Amino acid sequence: MRQAKQTEARRKDTREKIQLGGLIVKAGLRYEKRALLLGLLLEAADRIRGDETERARLLALGEKAFIDDAN
């Protein structure tokens, strides 16, 4: 029983990581260096924590990208 839960948790974690990697590809950043990607994410995380307007702007930008892909 415990092993089944651990296996399911690992699968869920793996799926989430694959989805997050897909976002990097979707953003056109597939071939950028990992250090640059991490820097971008750290900067963005800091910006959205301190500024709800910036958070809303970036959220809208991302939502539009998903909608545009769906069409």
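Read-outs throughout are calculated quantities, based only on the coordinates presented, and are distinct from any laboratory measurement. Everything numeric in this text was worked out from a predicted model, so none of it was measured. So basically every Cβ, Gly included, is an ideal-geometry build from the backbone, and we count neighbours across all protein chains shown.
Given +1 at the Cβ of Lys and Arg, -1 at the Cβ of Asp and Glu and no other charges, the dipole of the chain around its Cα centre is 540 debye to the nearest 20. Among the GluC sites (Glu not before Pro) in the stretch 10-71, those located in a DSSP loop and surrounded by at most 14 other Cβ atoms within 10 Å of their own Cβ are Glu32. Applying both filters, DSSP loop and at most 15 other Cβ atoms within 10 Å, to the trypsin sites (Lys or Arg not before Pro) of the chain gives Arg30, Lys33. Long hydrophobic helices in the chain: the complete DSSP H runs spanning 18 Å or more by Cα along their own axis with mean Kyte-Doolittle hydropathy of at least -1.0 are 34-50, 52-70. Considering only Tyr31, Leu20, Thr7, and ranking their Cα positions along the charge dipole of the chain that arises from unit charges at the beta-carbon of Lys, Arg, Asp and Glu, the one farthest toward the positive end is Thr7.
Dividing the summed helix terms, -39500 (n - 2.57) for each DSSP H run of n ≥ 4, by the number of residues in the chain produces a 222 nm estimate of -29500 deg cm²/dmol to the nearest 500.
Per-residue extension of 0.36 nm, minus the Cα-Cα distance of Ala56 and Arg30, leaves a gain of 6.9 nm for this segment.
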